[in-house]
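Below: one structure, written as structure tokens.
The values are calculated or read from the model by the stated rules, or taken from the named source; none is laboratory data. If you're wondering where the values come from, they're calculated on a predicted model, not measured in any experiment. In this analysis, Cβ positions are derived from the backbone assuming ideal geometry, glycine residues included, and neighbour counts consider all displayed protein chains. All accessible areas refer to the heavy atoms of the entire protein, side chains included, with ligands and DNA or RNA removed. Shrake-Rupley method; radii C 1.70, N 1.55, O 1.52, S 1.80 Å.
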Amino acid sequence: QVQLVESGGGLVQPGGSLRLSCASSLTIVGSYSMGWYRQAPGKQRELVAVITSGGSTNYADSVKGRFTISIDNAKTAVYLRMNSLKPEDTAVYYCNIDFATTDYWGQGTQVTVSS
């Protein structure tokens, strides 16, 4: 059974930083995309950042210049470095891997930005 396990969430003050990690049990060969989504209370899940097998990245306008997505060489982990965090970044963050016509999701990790 495929597992995506997120870690790195927590409580941070405005202006602070966090690094989210997602460990994957998938063996990826060929095309894929790996990304992070988030869902705040009462809101729909939204794309935060994605990286594709072609090396391109895409970010939500609200996080451009503050967040950076990356993956390891073995394609078994995806990371999200979050700087200059704002209260509006508070949400549950989910790891996603789209591979071989299947979407895989992690269980989510809570990020709370508050003083």
Check your understanding: Does region 1-24 hold any residues that are part of a loop (DSSP other than H, G, I, E, B) and open to solvent by 70 Å² or more (accessible area, probe 1.4 Å), and which are they?
Key -> 1, 3, 13
Check your understanding: Can you tell me which residues in region 91-110 are surrounded by fewer than 20 Cβ atoms within 10 Å (Cβ to Cβ), more than 11 Å from the chain's Cα centre (by Cα) and under 13 Å from residue 41 (Cα atoms)?
Key -> 110
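Just to be sure, is residue 33 at pLDDT 95 or above, hydroxyl-bearing (Ser, Thr, Tyr) and either out of contact with any Pro (no Cβ under 9 Å at 6 or more places or on another chain) or closer than 19 Å to residue 113 by Cβ (or both)?
Values: at pLDDT 95 or above: yes; hydroxyl-bearing (Ser, Thr, Tyr): yes; either out of contact with any Pro (no Cβ under 9 Å at 6 or more places or on another chain) or closer than 19 Å to residue 113 by Cβ (or both): yes.
The answer is yes for residue 33.
State which residue is least open to solvent (accessible area, probe 1.4 Å) when the search covers only region 65-87 and only residues that are free of Cβ contacts under 8 Å to residues at least 40 places away in the same chain and closer than 15 Å to residue 16 by Cβ. Let's see the steps before the verdict.
Applying the first criterion (free of Cβ contacts under 8 Å to residues at least 40 places away in the same chain) to region 65-87 yields 65-74.
Next, only the ones that are closer than 15 Å to residue 16 by Cβ stay: 66-67.
Working: 66: 27, 67: 6 Å².
For region 65-87, the residue satisfying everything is 67.
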Review point. In region 1-36, how many residues are more than 17 Å from residue 109 (Cβ to Cβ) and aliphatic (A, V, I, L, M)?
Key: 4
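What do you reckon, is residue 113 β-branched (Val, Ile, Thr), in contact (Cβ under 8 Å) with a residue 60 or more places away in the chain and open to solvent by 20 Å² or more (accessible area, probe 1.4 Å)?
Working: β-branched (Val, Ile, Thr): yes; in contact (Cβ under 8 Å) with a residue 60 or more places away in the chain: yes; open to solvent by 20 Å² or more (accessible area, probe 1.4 Å): no.
Spelling it out, it is not the case that residue 113 is β-branched (Val, Ile, Thr), in contact (Cβ under 8 Å) with a residue 60 or more places away in the chain and open to solvent by 20 Å² or more (accessible area, probe 1.4 Å).
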Check your understanding: Does any residue of region 29-41 turn out to be touching a residue at least 24 places away in the same chain (Cβ under 8 Å) and among the β-branched types (Val, Ile, Thr)?
Key -> no
Review point. Looking at residue 45, is it modelled with pLDDT of 95 or more and open to solvent by less than 40 Å² (accessible area, probe 1.4 Å)?
Key: no
